[in-house]
1. For the structure I just gave you, tell me whether A:ALA147 is crowded, with 22+ Cβ neighbours inside 10 Å and touching a residue at least 24 places away in the same chain (Cβ under 8 Å).
2. Exactly one of these conditions fails for A:GLY103: (1) in the same structural domain as A:THR79 (by TED's automatic domain parsing); (2) touching a residue at least 24 places away in the same chain (Cβ under 8 Å). Give me its number.
3. Which ones in the stretch A:332-353 are assigned to a strand (DSSP E or B) and farther than 19 Å from A:LEU381 by Cβ?
4. Only one of B:LEU10, B:LEU73 is part of a helix (DSSP H, G or I) and either at pLDDT 85 or above or in contact with a His (Cβ under 8 Å, 6 or more places away or on another chain) (or both). Can you tell me which?
5. Does B:GLY79 meet the test of being within 23 Å of A:PHE360 (Cβ to Cβ) and at the interface with another protein chain (Cβ under 10 Å from one of its Cβ atoms)?
6. I'm trying to understand the selection: among the residues of the stretch A:340-356, which are facing chain B (nearest Cβ under 8 Å) and among the aliphatic types (A, V, I, L, M)?
7. Out of B:ALA97, B:ALA126, which single residue is within 8 Å of chain A (Cβ to nearest Cβ) and in contact (Cβ under 8 Å) with a residue 60 or more places away in the chain?
8. Among the residues of the stretch A:107-137, write down those that are in a loop (DSSP other than H, G, I, E, B) and more than 25 Å from A:LEU189 (Cα to Cα).
Amino acid sequence: MTAEAGRLLLAAVDAAAAAMGLAPGMPLADALSFVPGLATRPAEPESDRAALARLAEWCGRYSPWTAPDGAAGVKLEITGCAHLWGGEAALAADLSRRLARQGIAHRIAVADTLGAAWALAHFAAAEGAPALPAKIREAVAPLPVEALRLDPATAAGLRRVGLKRVGELFPMPRAALARRFGETVARRLDQLDGAAPEPLSPLGTAPTRRVRLSFAEPIADPASLAAAAERLAGDLVPWLAREGVGARRLDLGFHRVDGRVEHIRLGTARPSRDPAHLAKLLTARLDTVDPGLGVEDMILAAYAVEPLGPEQVEIRPQAGGGDLAPLADRLAAGLEPDALAVLRARESHLPERASATAPFGEGAPSAAAENAAKPPRPVRLFRPPEPIEAFWLLPDDPPFRFAWRRRRHLVAQADGPERVAEEWWQPGQDMHRAGLHHEGAIRDYYRVEDEEGRRFWLFRSGLPGHEAPPRWYVHGVFA
Amino acid sequence: MTNAVPLAVLRSRIRRIERPATAVSGVLPFGVAVLDRALPGGGLGLGALHEIMGEGGDEEDCAAAAGFAAGILARIGSGAVLWCLRRPDLYGPGLAAHGLDPARIVLVSAARDDRVLWALEEGLRAGRGAGLAAVVGEVGRLPMVAGRRLQLAAERAGVAALVLRRWRSGGEAAAERGRPSAAATRWRVSSRPSAAVAGEPGIGRPRWRVELLRCRGGRPAACEVEVADATGHVCLPAGLADRPAAAPRPAAGPLRRAG
């Protein structure tokens with residue numbers, strides 16, 4: 001039930017309601033007069049969409065290329081996948097059986113083009129009987145013109161001139177159709193028989209390599225899951241070795257019997273195809289996976305791969321130099337994938353850009369840091385800078401007193417100012433988030449020491465004499 | 001004076017029986033007599049856990065403690081430093097000023113104290129095999145059991161573990177400050193007013209007050225020093241502003257074996 005233009009309409013009906021003559025789009029008042037005591041629920045398009053996305057993800061057990069389609073459809077590219085199930089018919093039958101077990105009403109069509117599959121699934125296939133036509137044109141010819149995925153106005157336009165079936169459009173010249181009814185009709189017709197390409201945009205990025213393991217009986221105990229993860233890692237490695245690459249990002253999907261998919265996603269510090277190492281990373285994260293009532297499929301996919309020569313495969317700590325990568329992977333797997341970082345120096349006048357964190361393992365060399373000539377810098381830098389309440393006498397003076405984090409500081413000594421101008425050619429980040437006003441693209445830094453001896457790095461944003469009064473911030477603390 | 005040598009030999013022998021790993025890993029002297037005399041073996045034990053805290057408002061930021069740690073790390077070999085923290089606000093150029101090359105640091109961000117401690121332990125377990133010279137963690141709470149695990153792991157690996165105690169509120173600081181821990185030493189480092197340099201206005205030579213509050217096998221000590229320089233060395237203040245700026249430093253290599 002949904003509200004539209006002040007009326008309550010039926011958004012969807014179940015099979016029993018449909019049998020009583022109710023249909024989506026019918027006003028609720030009419031529906032109630034047909035069926036007194038009709039049970040209704042408010043429509044939840046958001047959760048419907050989420051459920052559809054989950055279903056599309058679950059379909060990943062059949063093919064890596066899946067995507068939700070419209071409000072109630074899922075599209076699968078099964079080219080090269082069907083033989084794993086013993087043919088397209090067997091695949092469709094398996095899919096149908098599993099959907100029925102989950103209580104999902106469905107219609108399935110398999111065709112050479114997305115357009116044909118869509119048309120057949122929506123207008124020809126019956127519940128539980130997948131449509132697998134041998135000849136597309138013959139199969140779609142008797143279908144109504146709506147099967148061409150047209151908007152209602154175009155479809156109505158076609159019907160008005162007596163074109164009711166898809167087959168009636170085939171003999172007509174495409175150019176005339178395009179002139180009369182718009183490009184869409186001609187394009188949809190071409191897409192139907194494959195004359196025009198129609199790429200499927202999948203749910204995520206397609207993995208480079210994936211390996212799958214199905215279980216006759218759903219498994220749920222951690223030991224079996226760990227064993228399966230190890231076996232998958234072992235299965236994936238020969239693929240990687242054959243192509244001379246190592247995995248940088250892995251995704252282990254657990255397809256549960258209830259149709260949900262749980263994931264372990266992780267990255268490695270550097271390309272790896274050591275099965276023991278990969279298995280260790282995966283099993284270390286197993287406790288984050290809820291197997292529910294059981295897992296029936298596990299799919300391990302390598303998303304990002306990088307060249308890895310055969311001599312590099314062995315990742316073992318050597319006696320002398322030491323190798324951080326295994327430790328880094330263990331830490332990233334136990335914490336967050338982006339938990340590790342390095343400090344990278346860059347050429348910039350802005351303090352927050354001059355040294356920033358960069359993801360660990362992306363080995364771009366950092367710019368040579370020449371700190372000798374630079375004035376002192378704090379050991380801790382606050383991102384964003386923290387505003388303070390400051391009191392000063394002359395426009396160019398540092399504050400003689402300021403309050404920060406509910407503490408008052410009397411300034412005993414001060415150095416400065418050091419003027420830093422915002423790099424106008426770079427889009428601002430930190431500063432704008434901190435609410436610094438933009439005309440204050442100029443910052444004057446002071447190093448101040450309070451009576452206790454603590455040393456702070458303060459700056460004034462904005463020029464004195466401007467209409468907006470300058471504001472003060474503490475950007476860091478010195479050791 | 002005559003039995004000073006046999007006594008030292010005996011002491012080191014007892015230490016070796018009690019804590020074989022510490023004796024094997026060596027010590028790192030500060031080059032400041034007050035501190036080195038108070039520490040067993042004449043320096044900071046390398047295969048051990050050390051606690052460093054700030055004072056007053058700096059208990060929240062641990063800025064002085066981080067600078068002090070940077071000075072120590074600068075003098076421990078040249079390997080990588082695993083620095084695990086909850087709030088990644090370390091600033092490379094500032095650490096470089098105290099001798100620690102920022103390129104050596106691998107930052108590890110964790111959401112909770114116990115995850116920081118876990119990362120530290122993993123780091124110690126990988127130890128020198130992973131090319132680590134030391135591990136550093138910033139935590140509010142350091143439970144006794146976790147501390148003991150870290151101490152044992154540090155001993156086994158022969159890698160120094162520094163824990164900066166960083167408290168988010170005065171209440172947390174008050175509750176944790178006096179609590180015993182399994183660390184070999186506990187330090188408190190606070191910023192002190194700088195000494196004016198003659199003829200130059202503004203902030204002079206910045207200083208720390210370094211207090212060795214607790215030390216297993218040693219005794220407490222405290223002194224005021226000039227902050228760690230670009231080689232990681234702290235030194236006693238020259239005393240008077242017109243004295244030569246450079247204080248004498250130990251000429252020998254920074255590492256000395258104990259026992």
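The values are calculated or read from the model by the stated rules, or taken from the named source; none is laboratory data. The model shown is predicted, which means the values in this text are computed figures rather than measured ones. Methodologically, a virtual Cβ is constructed for each residue, glycine included, from the backbone with ideal geometry; neighbour enumeration extends over all protein chains shown.
1. So A:ALA147 passes the test.
2. (2)
3. Step one: of the stretch A:332-353, the residues assigned to a strand (DSSP E or B) are A:340-345.
Within the stretch A:332-353, A:LEU340 is the sole residue that qualifies.
4. Numbers: B:LEU10 fails: either at pLDDT 85 or above or in contact with a His (Cβ under 8 Å, 6 or more places away or on another chain) (or both).
After applying the criteria, what remains is B:LEU73.
5. On the way: within 23 Å of A:PHE360 (Cβ to Cβ): yes; at the interface with another protein chain (Cβ under 10 Å from one of its Cβ atoms): yes.
Considered against the rule, which asks whether it is within 23 Å of A:PHE360 (Cβ to Cβ) and at the interface with another protein chain (Cβ under 10 Å from one of its Cβ atoms), B:GLY79 comes out as yes.
6. A:LEU340, A:ALA341, A:VAL342, A:LEU343, A:ALA345, A:ALA354
7. Working: B:ALA126 fails: in contact (Cβ under 8 Å) with a residue 60 or more places away in the chain.
None of the others qualify; the one that does is B:ALA97.
8. First, the residues of the stretch A:107-137 that are in a loop (DSSP other than H, G, I, E, B): A:107-108, A:110-113, A:124-125, A:127-128, A:130, A:132-135.
Result: A:GLU127, A:GLY128.
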